[in-house]
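Take a look at the structure below.
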Amino acid sequence: QVQLVESGGGLVQPGGSLRLSCVASGSIVRFNVMAWYRQAPGKQRELVARITGGRGTAYADFVKGRFTISRDNAKNTVVLQMNSLQPEDTAVYYCNANDLASITWGQGTQVTVSS
């Protein structure tokens, strides 16, 4: 089974940027949808952005215009570029891979936006 490893989280000031990476231990070509979710303390996990095999993308309203998701099948990587970060973006960010038969999650990476 493919494993997903996220990286790139950290502490950033409001208005700053971070680039999250999700590297899979195997090919991601078979995954119809790759996505990023986030979960803030005391809140449910929510979808941030997703990308299909055909590079179609969709974003949650709260990140539109600020975040960009991309995938590189040759590198088995999905990237979430996050700009104009705000304190409300503070959460653990999780990578997700869906091949319609199963769903795989990474362990998450913490993003903290604070001055």
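The values are calculated or read from the model by the stated rules, or taken from the named source; none is laboratory data. The structure presented is a predicted model; accordingly, all values stated were derived computationally and were not measured. Cβ: placed from backbone, ideal geometry, glycine included. Neighbour counts: every protein chain shown. Remember, those area values only see protein heavy atoms, side chains included, never the ligands or the DNA or RNA. Shrake-Rupley method; radii C 1.70, N 1.55, O 1.52, S 1.80 Å.
The chain: D in µm²/s via Stokes-Einstein (Kirkwood Rh, Cα pairs, 37 °C, 0.692 mPa s)? Reported coefficient: 235 µm²/s.
Taken per residue, the accessible surface of the chain reaches 51 Å², heavy atoms only and a 1.4 Å probe. Using C-alpha pairs below 8 Å separated by at least 6 residues, the relative contact order for the range 5-115 is 38 percent.
In order along the range 31-45, the Karplus-derived 3J(HN,Hα) couplings, from 6.51 cos²θ - 1.76 cosθ + 1.60 at θ = phi - 60°, round to 8, 4, 9, 10, 8, 10, 10, 9, 9, 8, x, x, 10, 6, 5 Hz, and Gly and Pro are given as x. Summing Lys, Arg as +1 and Asp, Glu as -1, what charge do residues with Cβ under 14 Å from the Cβ of Arg55 carry, Arg55 excluded? My count for the surroundings of Arg55 gives +1.
Taking all protein chains as they are arranged and a probe of 1.4 Å, the heavy atoms of Lys43 leave approximately 140 Å² accessible to solvent.
Run through the DSSP bridge list for the chain and note the antiparallel percent, rounded to the nearest 5.
Values: 38 of 41 bridges.
For the chain, the DSSP antiparallel bridge percentage is about 95.
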